[in-house]
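Take a look at the structure below.
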Amino acid sequence: MIQRRQLELWVGVFVAAGLLALAMLAFRVGNLAAGAVTNGYRVEAEFNDIGGLKVRAPVTLAGVRIGRVSSISIDPSNYEAVVTMELDGRYNNIPVDTSASILTAGLLGEQYIGLDPGGSSQYLKNGGRIQVTQSALVLEKIISQFLFNVASKPGAEKKQ
Amino acid sequence: MNSLRRLGQYVLDSVEGLGRASLFFLEVASGARKLIRRFDLVVQQVFAVGVLTLLIILVSGLFVGMVLGLQGYNTLSKFGAADSLGLLVALSLVRELGPVVTALLFAGRAGSALTAEIGLMKATEQLAGMEMMAVNPIERVIAPRLVAGIISMPLLAALFSAIGVLGGQLVGVGLLGVDSGAFWSQMQSGVSFHEDVLNGVIKSLVFGVVVTWIAVFQGYESVPTSEGVSRATNRTVVYSSLAVLALDFVMTALMFK
């Protein structure tokens, strides 16, 4: 029969190891650490078309991740998509005339918001709004535009 | 005519068994409330069902992770997506293989042991002896085992997944030359804590309840002979494996849309 103290020690080791594994799954494997924004602030931007942008998508500045999309809704007055982003509080000197565009990582990858800083000396504050936006490029629209252009060329008609 | 009657008898027996199992579960659950004062009983059982299952879980987790690394690399490299190997290994482990394989191994290692132990207690009239001494065997014997199983299963599943990811990294980064940074960063951007990790934990909690419940019920209901105990042990492993696989399908369909 195993000693009582030793048994309790083993159970303690087991439970601690299990919780440690769970913590590893949460922080090392999962995105719990990456998703947290410390003392962040929120800014809004309106887009004509957000494409496949999703909540929790990254917001980057010069390619560096500085926040994430916290909510997406529709503005009922002009039918535009309102994207609310939560930006890291460390980057609180982003000019008000910054432009936001929806970009795609790779050809078919995830969509994210890229910020392009302007030259104003006034900075975006909590609840501020980014005025200049560029909508997502929707692949089907580009392809149909391309096909339309090809078909309307005079050379194409002659061949038919 | 006779076969119809046998079918009816079989159905009635199954329904009756389910009913008895449910009543038994309620009885154990109400007995478990008194365990707060006797938590040492639970600790003892966590040792028996959790710590003693640790080795098989860790070794299988490591090898499952390594195999996932090998197979995933072979397929992904055809599409030039070998960098996503970490994501593939982590998602398969956290969502499915971790909870399910742990539950199957748990049923084979700890569930069968629980059934055999309780069945033998019944066969040697220890349970009846307890009742004679005004000790409720459900509170003293069954409830600590059920609670210990429910505590152990999520911890074992988490350990399985964690060591599996490490095994996948060992093969993918160490052996096959996937970039270590891409391996982890793809994993972190693709695995969501709330949707993947937490749902895996919920799955393993459910499996913990079901497997331990089947094990203690089969032990408690076993025919008190050596043959009866062996058949009960057999049924524990078969029923809990089937229940785990069926429940896994249902939960996956509900969780990951």
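Looking at B:Ala110, is it under 16 Å from B:Val209 (Cα atoms) and touching a Leu at 6+ places or on another chain (Cβ under 9 Å)? Judged against the criteria, B:Ala110 is a match. Taking A:Arg42 as the residue in question, decide whether it is assigned to a strand (DSSP E or B) and either on the phi < 0 side of the Ramachandran plot or away from chain B (no Cβ under 14 Å) (or both). For A:Arg42, the condition - assigned to a strand (DSSP E or B) and either on the phi < 0 side of the Ramachandran plot or away from chain B (no Cβ under 14 Å) (or both) - is met. Of all positions in the range A:79-88, none carries a residue that is in contact (Cβ under 8 Å) with a residue 40 or more places away in the chain, under 14 Å from the mean Cα position of the chain (by Cα) and under 16 Å from A:Val138 (Cβ atoms).
No other residue among B:Gly98, B:Gly80 is more than 28 Å from B:Arg231 (Cα to Cα) and crowded, with 18+ Cβ neighbours inside 10 Å apart from B:Gly98.
In this entry, B:Ala110 passes the filter for residues that are within 18 Å of the chain's Cα centre (by Cα), open to solvent by less than 40 Å² (accessible area, probe 1.4 Å) and hydrophobic (A, V, I, L, M, F, W, C).
Of the helices (runs of 4 or more DSSP H) contained entirely in the range B:1-107, those carrying at least 3 residues that are more than 24 Å from B:Asn136 (Cβ to Cβ) fall at B:2-32, B:54-78, B:85-91, B:98-106. Within the range B:129-139, the set of residues being over 18 Å from B:Ala48 (Cβ atoms) and either open to solvent by 50 Å² or more (accessible area, probe 1.4 Å) or basic (Lys, Arg) (or both) comprises B:Glu131, B:Met132, B:Met133, B:Ala134, B:Val135, B:Asn136. Tell me which of these A:Ile74 doesn't satisfy, since it passes every other one: (1) within 23 Å of A:Ala105 (Cβ to Cβ); (2) out of contact with any Ser or Thr (no Cβ under 9 Å at 6 or more places or on another chain); (3) open to solvent by 70 Å² or more (accessible area, probe 1.4 Å). Only one criterion in (1) within 23 Å of A:Ala105 (Cβ to Cβ); (2) out of contact with any Ser or Thr (no Cβ under 9 Å at 6 or more places or on another chain); (3) open to solvent by 70 Å² or more (accessible area, probe 1.4 Å) is unmet by A:Ile74, namely (1).
For the range A:51-65, residues that are hydrophobic (A, V, I, L, M, F, W, C), farther than 14 Å from A:Ile94 by Cα and loosely packed, with under 12 Cβ neighbours inside 10 Å total 1.
List, please: which pairs have Cβ atoms under 9 Å, are six or more places apart or on different chains, and start with a residue in the range B:31-52 that is more than 7 Å from every other protein chain (Cβ to nearest Cβ) and end with one that is open to solvent by 40 Å² or more (accessible area, probe 1.4 Å) and of a type in the set (Asp, Glu)? So the pair list comes out as B:Gly31/B:Glu139; B:Ala32/B:Glu139; B:Lys34/B:Glu139; B:Leu35/B:Glu139; B:Arg38/B:Glu139; B:Asp40/A:Glu8; B:Ala48/B:Glu117. If I filter the range B:78-95 for residues that are within 30 Å of B:Val28 (Cα to Cα) and small (Gly, Ala, Ser), do I get at least one hit? No, that holds for no residue. The lone criterion from (1) within 18 Å of B:Val89 (Cβ to Cβ); (2) out of contact with any Leu (no Cβ under 8 Å at 6 or more places or on another chain); (3) touching a residue at least 40 places away in the same chain (Cβ under 8 Å) left unmet by B:Val237 is number (1). The set of residues from the range B:53-66 being surrounded by fewer than 20 Cβ atoms within 10 Å (Cβ to Cβ) and either without any contact (Cβ under 8 Å) to a residue 24 or more places away in the chain or of a type in the set (Gly, Ala, Ser) (or both) comprises B:Leu55, B:Val59, B:Ser60. Sub-6 Å Cβ pairs linking a first residue in the range A:6-28 that is under 12 Å from B:Val46 (Cα atoms) and within 7 Å of chain B (Cβ to nearest Cβ) to a second residue that is modelled with pLDDT of 90 or more and outside any helix (DSSP H, G or I), at least 6 apart or interchain, are A:Phe14/B:Gly50, ordered by first then second residue. Scanning the range B:168-182 for residues that are buried (at least 24 other Cβ atoms within 10 Å of the Cβ) and either among the β-branched types (Val, Ile, Thr) or out of contact with any Phe, Trp or Tyr (no Cβ under 7 Å at 6 or more places or on another chain) (or both) yields a total of 2.
The values are calculated or read from the model by the stated rules, or taken from the named source; none is laboratory data. The structure presented is a predicted model; accordingly, all values stated were derived computationally and were not measured. In this analysis, Cβ positions are derived from the backbone assuming ideal geometry, glycine residues included, and neighbour counts consider all displayed protein chains. Please note that ligands, DNA and RNA were not included when accessible areas were found on the heavy atoms of the full protein model with its side chains. Shrake-Rupley method; radii C 1.70, N 1.55, O 1.52, S 1.80 Å.
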